[in-house]
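Remarks on the structure that follows.
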Amino acid sequence: MLTSKQRAKLKGMANTIDTILQVGKDGIGEQLIIQVRDALTARELIKISVHETAPCTPQEAAEELAQAIKCEVVQVIGRKIVFYKRNGKKPKIELGKL
């Protein structure tokens with residue numbers, strides 16, 4: 001679980017990153033889960049968007065993906081979702097004990 005200070009730091013970092021994946025009209029499938037998991041392993045912090053034609057709301061998509069991947073939802077703003085998952089082997093983002 002992230003503290004509010006850690007979450008605030010991650011939100012600030014997320015401002016500068018681009019959206020790399022999208023939940024489309026097919027919703028959340030196994031392929032999307034694999035892509036999100038791989039992206040989190042490589043980057044630790046990612047931003048995805050939920051297309052207007054998606055069968056779920058951004059909040060529902062965030063909860064479903066977080067549960068499937070066991071990652072943290074940093075924030076949901078509009079149709080954008082920011083996820084964080086620490087890489088146990090090679091951490092890139094140092095949150096420390098804020």
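The values are calculated or read from the model by the stated rules, or taken from the named source; none is laboratory data. What you see is a predicted model; the values in this text were computed from it and never measured. Note that each Cβ is placed from the backbone with ideal geometry, even for glycine, and that neighbours are counted across all protein chains shown. Note: areas computed on protein heavy atoms with side chains; ligands, DNA, RNA excluded. Shrake-Rupley method; radii C 1.70, N 1.55, O 1.52, S 1.80 Å.
Brief remarks on what is shown
- Looking across Gly78, Gly27, one residue alone is open to solvent by less than 40 Å² (accessible area, probe 1.4 Å) and more than 19 Å from Glu94 (Cα to Cα). It is Gly27.
- Reported count of residues in the range 31-55, each being open to solvent by 60 Å² or more (accessible area, probe 1.4 Å), farther than 20 Å from Arg86 by Cβ and touching a helix residue (DSSP H, G or I) at 6+ places or on another chain (Cβ under 9 Å), is 0.
- Leading residue by the ranking (nearest to Gln31 (Cα to Cα)) among those in the range 54-98 that are touching a residue at least 12 places away in the same chain (Cβ under 8 Å) and β-branched (Val, Ile, Thr): Ile69
- Residue check for Gln67: surrounded by 15 or more Cβ atoms within 10 Å (Cβ to Cβ), of a type in the set (S, T, N, Q) and assigned to a helix (DSSP H, G or I): no
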